[in-house]
Amino acid sequence: MMGINKLNRELRERSLGRIDKKSPRKLAASWSSEDLLYSGPGRSIFMVLPTPGCAWALSDSGGCTMCSYVADSPLETVTAEELLGIFHEHLKKQIQREALESPTAVKLFVSGSFLNPEEVPVKARQGILMALDDYPEIEEVVVESRPEYVTREVLRECCEALPGKIFEVSMGLETWDERRRLNIINKGFSNEEFERAVSIIQELKSEYPVRSKVYLLVKPILTSEKEAISDAIQSAEYAEQSGVDRVSFCPSTIHKGTLMEMLWRKGSYQPPWIWSVIEIIRRVRSLVKIPVIMDTAGFGTRRGPYNCKKCNSALKDMIIQSNIHQTIPEDFECKCRSKWLAEVEYSGITHSASKLS
Ligand code: SF4
Ligand SMILES: [Zn+2]
């Protein structure tokens, strides 16, 4: 699998060389929507904050084979003051637009690791959390991090800044299968490293309302439709057994400049069918007890999960509703379903034709 790693690094270098640099302020974004919170249905405010870029993607590893977030980063130092200024602007905007209602969650995306001080300076991290603590309607604060930055000290510091609020750390586990994670996704961490991070969170639960979530990637490259379904189900079961509190599935969408995009252009990769996604929800919601969210970003687009023009949007809406209430989607019929069934049956054979060059 050395080939994957080398190719991935070269593609990353090439795509970073082509970036039109944007200012940190232009790269920030925020919005809000209906969402499922730990306490039940509520609202979430989402914020994308600019940082110098994911340390893993900028390292010699070249980062994960499906992710181009680093290409949306300013790739320059963002000072704590600048970051805090941008955060406050967006918080104000969101709170004005949506009179804050209870219960609300705030989800902070930094296209990397919020807990890595090289990406988010400690002063900014503290400033952001302390500002959110001022709002009693905000019940949950959710951040993302690779497991290597999850330490007792850092978690304590974050929880102390948000007394009484749920602090959730979301980690991109992607799959339970370590071989697939290391060699195909190029994620760079083992099951043991992940379990260490979850156990620290578990331990601290006796003192703080701290939680863990995993992102699971539905259909990495070099994975057939059939394998993608079983891998997703096993991964959710593994996450629950490891003590994770919530699961968020991310079905693949094709990001620019990635190895996934290169294979897609060559006809050696396709994002999953929406039928596969429905199958995963059905099976996982009946197998595991923790909340399971299915992300529908990119559904029905050329670069995302796709069924056919007739059923894409109806199924997408059905999944969104099923996320909020954790229900199992109802039966739905469309002509394209038989094509999907055939692919699941025979995909084990066709995917082996994927070539890297
Ligand atoms: S998936 Fe996460 S760890 Fe991997 S390159 Fe993207 S931001 Fe970095
Ligand atoms: Zn259809």
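None of the figures in this text is laboratory data; all of them are computed from the coordinates on show. In this text the structure is predicted, and so the values were computed from the model without any measurement. We place every Cβ from the backbone using ideal geometry, glycine too, and count neighbours over all the protein chains shown.
Things to note:
- Computed 3J(HN,Hα) for region 48-55, one whole-Hz value per residue from the Karplus formula 6.51 cos²θ - 1.76 cosθ + 1.60 where θ = phi - 60°, is 9, 10, x, 9, x, x, 4, 4, glycine and proline marked x.
- The angle separating the long axis of helix 312-325 from the principal Cα axis of greatest extent in the chain is about 40 degrees.
- Dimensionless Rg/Rh of the chain - Kirkwood Rh, Rg from C-alpha atoms: 0.95
- Over 28 Å apart at the Cα level, from the set LYS187/LYS266; LYS213/LYS316; LYS187/LYS309; LYS226/LYS310; LYS22/LYS309, are LYS187/LYS309; LYS22/LYS309.
- Note on region 2-353: dipole from Cβ charges, positive end direction compared against TYR208, ILE185, PHE87; the farthest Cα belongs to ILE185.
- Around the amide H of LEU217, modelled in the peptide plane, lie the amide H atoms of GLU174, THR175, CYS250, all under 5 Å away and 5 or more residues distant in sequence or on another chain.
- Amide H contacts of SER32 (H built 1.01 Å from N, under 5 Å, at least 5 apart or other chain): PHE46
- Note on LYS123: no lysines have a C-alpha under 17 Å away, same-chain residues under 8 apart excluded.
- Ranking of ASP134, ASP35 by count of other Cβ atoms within 10 Å, fewest first: ASP134, ASP35
- Alpha carbon Rg of region 271-330, scaled by the compact-globule rule 2.2 N^0.38 Å: 1.06
- Nearest 10 degrees, 0 to 90: helix 274-287 Cα axis against the chain principal axis: 60
- Label-point separation in nm, ARG18 to GLN241, each point 7 Å along Cα→Cβ: 4.2
- DSSP beta bridge pairing in the chain, given as percent antiparallel to the nearest 5: 25
- Taking other C-beta atoms within 10 angstrom as a stand-in for reagent exposure, TYR135, TYR208 fall in the order TYR135, TYR208, fewest first.
- For region 51-98: rounded, prolate or oblate by the Cα gyration tensor [a/c cutoff 1.5]: oblate
- Taking all Cα pairs closer than 8 Å and separated by 6 or more residues, the relative contact order of the chain comes to 15 percent.
- Candidates GLN96, ALA71, ALA131 compared by Cα position along the dipole of the chain: farthest toward the positive end lies ALA71, with charges placed on Cβ.
- Proxy reagent accessibility, fewest Cβ within 10 Å first, across ARG12, ARG146: ARG146, ARG12
- Region 113-141 and region 24-82 have Cα centres lying 13 Å from one another.
- Scoring 321-328, 56-63 by mean Cβ neighbours within 10 Å over their residues and listing the highest first yields 56-63, 321-328.
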